[in-house]
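What follows is calculated from the coordinates using simple rules that are stated; it is not laboratory data. These numbers come from a predicted model, not from an experiment. Heads up, the Cβs are rebuilt from the backbone with ideal geometry, glycines too, and the neighbour counts pull from every protein chain shown.
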Amino acid sequence: MNGRRDRVIDGAKSILDTRGYTVTSEGEKDECYDILGKDANKKTIIVRIPNKEVVGVRELRDFKEVIEDKGYDNAILLALNKYTHYAKREAKAAGIETFSIKFPFFNLFNHYLVPLHEFASDDEIKVLEEKFSIFKYQLPKISSDDPAVQLLGAKIGDVLKIIRSSPTAGEFVIFRTVVP
């Protein structure tokens, strides 16, 4: 279990780094490993990794209390193995992110086959809508379960700009709307 825990902790730090957060503190507390971060806009995030194989509602509710007491802007709960159905459902209702066990806990964007993903600006979306006479919901779709979407923390309705490079076609940009 220790090797898996270390990989999950490294993965959590990678997620924070990808999202632009700096780790401000980390450590073991009350049978959980917490990582705290802050971004350039002074938004805070907490990542909690309980030392349990299965994360249930009790761990989730304890985590919700911490979030409410300290006033964190974002929260991620990572399980070493799996979540109970009720814990996942309650986390979603509370706005706490959870990741599948299958989620690759490393920075996907460091791999040469994964194109750069970033959020499209409002101006870019407006130009697209005017140029092609479309609405953003008419853009090609990308699932909210996609690992790149999860790594960025994109929400349903966000538009992602995907920049691909090819030896024959050069660099080209694709826009996709995040859907459930």
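What the table below lists for this structure:
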read-out: DSSP-defined antiparallel bridges as percent of all bridges, the chain, nearest 5; value: 70
read-out: Whole-Hz couplings from phi, Karplus 6.51/-1.76/1.60, listed for segment 142-149; x for Gly and Pro; value: 9, 6, 5, 8, 4, x, 5, 5
read-out: Cβ charges +1 (Lys, Arg) and -1 (Asp, Glu), total dipole of segment 76-180, debye; value: 440
read-out: Dipole magnitude of the chain about its Cα centre (Cβ charges: Lys, Arg +1; Asp, Glu -1), debye to nearest 20; value: 420
read-out: Computed over segment 2-106, the ratio Rg/Rh where both radii use C-alpha atoms and Rh is Kirkwood; value: 0.93
read-out: Surrounding net charge for Leu77, when Lys and Arg each add one and Asp and Glu each subtract one, Cβ distance under 10 Å; value: +1
read-out: Other-chain or far-sequence residues with amide H under 5 Å of Ser144's (modelled H); value: Val179
read-out: Sum of -39500 (n - 2.57) over DSSP H runs of 4+, divided by residues of the chain (222 nm, nearest 500); value: -10000 deg cm²/dmol
read-out: Highest-MSF residue in the chain out of Gly95, Gly56, Gly11 [GNM, Cα springs under 10 Å]; value: Gly95
read-out: Using a Förster distance of 25 Å, the FRET efficiency for Asn51-Asp17 (Cβ separation, nearest 0.05); value: 0.60
read-out: Cα gyration tensor shape for segment 109-179, rounded if a/c is under 1.5, else prolate or oblate; value: oblate
read-out: Debye intensity ratio in log₁₀ form over the Cα atoms of segment 25-180, taken at each q of 0.11, 0.19 Å⁻¹; value: -0.55, -1.22
